[in-house]
Amino acid sequence: MAEVLVFVDHVDGAVRKPTLELLTLARRIGDPVAVSLGNGAADTASALAEHGAVKVLTADAPEFGEYLVAPKVDALQAAYEAVSPAAVLLPSSAEGKEIGARLAVRIGSGIITDAVDLEAGDEGPVATQSVFAASFTTKSRVSKGTPVITVKPNSAPVEPAAAAGTVEALAVTVADSSKGTKVVSRTPRESTGRPDLTEAAIVVSGGRGVNGAENFPVIEALADSLGAAVGASRAAVDAGWYPHTNQVGQTGKSVSPQLYIAAGISGAIQHRAGMQTSKTIVAINKDEEAPIFDLVDYGVVGDLFNVVPALTDEVKTR
Ligand code: FAD
C-alpha cells in the first residue's frame, strides 16, 4: 500500500487531537508515516502507533524552535524525499497551512487547504471542502505532483488502530536560507482551562445579544458545564466584550465542532463562514426571524438570559 506522510502537531511530545484525526483519514488512502519534529518528537511515537502510524520519522534540532516554519519545511521535504509518499497531510492550523504551502512550492505540487473530508479516488485522494462562506461543498483532487492536503480539525473521528510505529531518525539539514526569521520571544497565552477553540468538540458562542462583557459569564457557564470552548461574534469582539482570539467567522477562527451553540447571534454570512460546517447547530435568539434559524438543527426562540442559564442547570443535573 502507498505511504502517506502525516505532519505531527504536538506540544513537547503530547500529540494534539487534529493529528490523530489525520491518521484516521490517512488510513483511508494508504499507510500513514508520521513526521514528528522538535522537542519531544520521539515521545509521540506510541500515541501515533496506537492510531495507525506504520512508521514515525523523528528529528529534533534547535532550529525548529529558534526560527519560524522554514526549518520544519526542510525536514518535511527530507521525509518526502525519503518516502516518496502518495500524499502529504497536515492539520489546517496557521503553521500547518504555511508548511504545506511552502512544501507544495518546493516539490512542484498542488495543494488543497481546509479539507473537511478525504477519500481514496482512482486518480488520487479526493478532498471535500466547504467554500464561499460555506455556500458550496466541493470535491477536488490535486492534478499536479504529490497532493499536499491540509485538513480542518474535527473533520474525522479519532480511531485507535494498532500499527508498528517503527521509529526512525530523520536526517535533516536546515538550509541557511531557512534561518531568515528568528523567534525572539514566546509568550504563552494564559490558560482558561477550556479546550482550544478550533479543536473543541463543543463550542458555545455569544454575540451582540449578550449585551456586555459583564454578561459573558452566562455563556462561559454553559460552556464549562459542557466542557466546551467559548466563541464570540465579531460584534461582541469589536465591542470589547470578548478577546479577538475567540472570534468565530470569516475574519476569526473557523470551527467545525460536533455541537455549536450560538446565543444572541443573528447569523450574518461572515459568522456562518466560520461555523457552518459544525455537525449540529443550535441557536438561541429572541427574534424568530433571525437568519441563523435558516441553518440550525435546533432553534430556541427566547431570551438567552432565561434560556442559557436554564440549559446550564439542566446539563449540570445530568
Ligand atoms: P447582530 O447581528 O446585531 O445580532 C444580534 C442578535 O442577538 C440578533 O439576532 C438579536 O435578535 C439577538 N438578541 C439580542 N438580544 C437577545 C437576547 N437577550 N436573547 C436572545 N437573542 C438576543 N462577524 C463574525 O461574527 N465573525 C467574523 O469573522 C466576521 N467577519 C467579518 C468580515 C467582514 C469583511 C465584514 C464586513 C463583517 C464581518 N463580520 C463578522 C460581521 C458580521 O457581518 C455581523 O455584523 C456580525 O456577525 C454580527 O454579530 P452578531 O450576530 O453578534 O450581532
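Before moving on, here are some points about what is shown:
- Count of residues meeting criterion [outside any loop (DSSP other than H, G, I, E, B), farther than 28 Å from residue 106 by Cβ and touching a helix residue (DSSP H, G or I) at 6+ places or on another chain (Cβ under 7 Å)] in the stretch 177-209: 5
- Looking across the stretch 143-159, just one residue is more than 21 Å from residue 19 (Cβ to Cβ) and touching a residue at least 40 places away in the same chain (Cβ under 8 Å), and that is 145.
- Restricting attention to the stretch 214-253 and to residues that are of a type in the set (A, V, I, L, M, F, W, C) and near the ligand (Cβ under 8 Å from one of its atoms), the residue that is surrounded by the fewest Cβ atoms within 10 Å (Cβ to Cβ) turns out to be 235.
- Some residue of the stretch 186-199 being surrounded by 13 or more Cβ atoms within 10 Å (Cβ to Cβ) and more than 20 Å from the chain's Cα centre (by Cα): no
- Strands (runs of 3 or more DSSP E) wholly inside the stretch 72-157 containing at least 3 residues that are under 12 Å from residue 26 (Cα atoms) and at pLDDT 95 or above: 87-91, 111-119, 148-151
- Residue within the stretch 32-41 that is in a strand (DSSP E or B) and of a type outside the set (A, V, I, L, M, F, W, C) present: yes
- Members of the stretch 249-287 that are in a strand (DSSP E or B) and either without any contact (Cβ under 8 Å) to a residue 40 or more places away in the chain or more than 18 Å from residue 211 (Cβ to Cβ) (or both): 253, 259, 260, 280, 281, 282, 283, 284
- Subset of the stretch 256-271 (residues that are among the aliphatic types (A, V, I, L, M) and more than 11 Å from the ligand (Cβ to nearest atom)): 259, 261
- Flag not set for residue 63, criterion: free of Cβ contacts under 8 Å to residues at least 24 places away in the same chain, in a helix (DSSP H, G or I) and more than 15 Å from residue 161 (Cα to Cα).
- A single entry from 199, 168, 190 fulfils the requirement of being among the acidic types (Asp, Glu), free of Cβ contacts under 8 Å to residues at least 12 places away in the same chain and more than 12 Å from the ligand (Cβ to nearest atom): 190.
- Residue that is without any contact (Cβ under 8 Å) to a residue 40 or more places away in the chain, β-branched (Val, Ile, Thr) and closer than 20 Å to residue 110 by Cβ, where the choices are 6, 73, 69: 69
- Checking each residue in the stretch 288-305 for being outside any helix (DSSP H, G or I) and either at pLDDT 95 or above or buried (at least 18 other Cβ atoms within 10 Å of the Cβ) (or both) picks out 288, 289, 290, 296, 297, 298, 299, 300, 301, 302, 303.
- Against the conditions (1) assigned to a helix (DSSP H, G or I); (2) within 7 Å of the ligand (Cβ to nearest atom), residue 308 satisfies every one except (2).
- Considering 301, 282, the condition of being away from the ligand (no atom under 11 Å from the Cβ) and in contact with an Asp or Glu (Cβ under 8 Å, 6 or more places away or on another chain) is satisfied by 282 alone.
- Extreme residue, nearest to residue 145 (Cα to Cα), among residues of the stretch 64-100 that are of a type in the set (Asp, Glu) and surrounded by fewer than 21 Cβ atoms within 10 Å (Cβ to Cβ): 81
The values are calculated or read from the model by the stated rules, or taken from the named source; none is laboratory data. It should be emphasised that the depicted structure is a prediction, and the values quoted were computed from it without experimental measurement. With ideal geometry, Cβ positions are generated from the backbone for all residues, glycine too; neighbour counts draw on all protein chains shown.
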